[in-house]
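The values are calculated or read from the model by the stated rules, or taken from the named source; none is laboratory data. None of these values were measured; they are calculated from a predicted model. FYI the Cβ positions are ideal-geometry reconstructions off the backbone, even for glycines, and counts take in every protein chain you see.
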Amino acid sequence: MKQLSLVLLATLLALSACDSKNAKVDKPAELTNLKNPTVRIQKLWGASVGGGGKKLRLGLGLATAGNKLFAAGREGDVAAFDLKTGKQLWRTETKLELAGGTGVGADAIAVGSADGQVVLLAMDTGAQRWRTEVKGEILSAPAVAEKEVIVRTVDGKLRALALADGKEIWSAEQQIPRLTLRGAAAPVVARDVAISGFDNGRVLAVSLADGATVWDSPVSPPHGRTELERLNDIDAPVKVLGEEVFVAGYQGRAAMLALDSGQVWWTREVSSYRGVDVDEEHMYVSTSQGELLAITRRTGQPVWANPVLKLRSLSAPVVAGEYVVVADLEGYVHYFDRATGELAGRMKSGGDRVTNSPVAVGDLVYVVTDKGDIFALRGTKVASQSAKTETPPAPVPAPEPAPAAAPAPGG
């Protein structure tokens, strides 16, 4: 169904583009030289997990645990690297066409394949613990809980496999529209529930123990007359911070939900299929049009918006120190000032598109291209030229003490 939906979408888009021979086709924004970048970006190391080829929009992102970085390639390799040096610690050949990974937890690594194979590996050695088959294509990283591996397939099903042996424990399901984007939201484990968005604009939370529905929230109800207008997929993982769940959907909304009940606290009209990140004050969103947004975390009010990367197919944003970082269709990694939204600097990581979200550990950012090349970057703030050359101001005499204020009535 997912492949058919993708073909239908491509056909409808092509037909709409052909309505007028003179219709102007918008192109991705061209990158201009930054005259005064405020961040210096260093490439610390590079590695590869392999897997170049067709542009399939696979969910093969990076994951970290302890001092290790984990990656999976389309041709079947799963590897672990030292976070600081990039030294390869182990590599395992699954001999599968991997399409979803990497999920980490409980000293294990989980990956999924295009034909529904799920593999669990030991985190310290890469040795295979088990391999099992589920029905449905896997296009996102499984989530690894204490006793379960949670897998989301493109047919709208959420499954729990026993961490011990891979046997299915339970499954939950959402009805999927006929026409959807290619992709599937990675499930997220928070406390005793598994949470995932679906292609019908809903977010579902189920009990890890038995798969019973804890809450089911319609974040982005479909609207419009045609199937194309009614596309409202949630294809990116939710972000859980404390008692709050943050999410954004395509042709839908960004929203904050309560973790315990799924109650929607606020929504804002936003279209995104890449995902979000949050910090103490703000939620950051890469829109489907290539705009980077900052939204107040508590109220959903806009803070800033930067359209400088319009139509450059941005990855999900990630917060790294004082910056929000995104990557684009040509492999450029862009650093934005968290406070102002101004573009602070950029570096080309490699020669290929970046689809999956970068991963941040402190001020270090890790990026994997769709070809499987991995890079570690560090952004360091550049001291302003004015601060270096400006003559210190002359001392200013202390002001005379102000007269004491009259006491307030009744004070």
- Message: Restricting to region 354-368, name every residue that is surrounded by fewer than 22 Cβ atoms within 10 Å (Cβ to Cβ) and either over 13 Å from the mean Cα position of the chain (by Cα) or not in a strand (DSSP E or B) (or both).
- Response: VAL361, GLY362, ASP363, LEU364
- Kindly list, by first and then second residue, each pair from a residue in region 376-390 that is of a type in the set (Val, Ile, Thr) to a residue that is crowded, with 16+ Cβ neighbours inside 10 Å and at pLDDT 50 or above, limited to pairs with Cβ atoms under 6 Å and residues at least 6 apart or on different chains. VAL382/THR38
- Among GLY249, GLY211, which is the only one that is out of contact with any Gly (no Cβ under 6 Å at 6 or more places or on another chain) and under 26 Å from ASP192 (Cβ atoms)? GLY211
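To keep it simple, each residue is scored yes or no on (1) within 15 Å of ALA29 (Cα to Cα); (2) outside any loop (DSSP other than H, G, I, E, B); (3) polar (S, T, N, Q).
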{"position": "MET283", "(1), (2), (3)": "no, yes, no"}
{"position": "GLN289", "(1), (2), (3)": "yes, no, yes"}
{"position": "ILE295", "(1), (2), (3)": "no, yes, no"}
{"position": "VAL308", "(1), (2), (3)": "yes, no, no"}
{"position": "VAL319", "(1), (2), (3)": "no, yes, no"}
{"position": "HIS334", "(1), (2), (3)": "yes, yes, no"}
{"position": "ASP370", "(1), (2), (3)": "no, no, no"}
- In region 337-357, which residues are touching a residue at least 60 places away in the same chain (Cβ under 8 Å) and under 15 Å from ALA320 (Cβ atoms)? ASP337, LEU343, ALA344, GLY345, ARG346, MET347, SER349, SER357
- Message: Out of everything in region 157-184 that is in contact with a strand residue (DSSP E or B) (Cβ under 9 Å, 6 or more places away or on another chain) and of a type in the set (D, E, K, R), what residue ends up being farthest from THR226 (Cα to Cα)?
- Response: ASP165
- Note on the structure: Exactly one of LEU89, LEU44, LEU56, LEU69 is within 21 Å of the chain's Cα centre (by Cα), of a type outside the set (Val, Ile, Thr) and at pLDDT 95 or above, and that residue is LEU69
- Message: Within region 170-200, take every residue that is surrounded by fewer than 24 Cβ atoms within 10 Å (Cβ to Cβ) and acidic (Asp, Glu) and give me the one that is farthest from LEU257 (Cα to Cα).
- Response: GLU173
- Out of VAL319, VAL303, VAL308, VAL325, which single residue is surrounded by fewer than 20 Cβ atoms within 10 Å (Cβ to Cβ), touching a His at 6+ places or on another chain (Cβ under 8 Å) and among the hydrophobic types (A, V, I, L, M, F, W, C)? VAL303
- Do you know which residues across region 1-41 are hydroxyl-bearing (Ser, Thr, Tyr) and modelled with pLDDT of 95 or more? THR38
- Note on the structure: Here, strands (runs of 3 or more DSSP E) confined to region 238-277 with at least 3 residues that are under 17 Å from the mean Cα position of the chain (by Cα) and in contact (Cβ under 8 Å) with a residue 24 or more places away in the chain are 239-241, 244-248, 252-258
- Any residue at all in region 216-233 that is modelled with pLDDT of 95 or more, assigned to a strand (DSSP E or B), of a type outside the set (S, T, N, Q) and crowded, with 17+ Cβ neighbours inside 10 Å? no
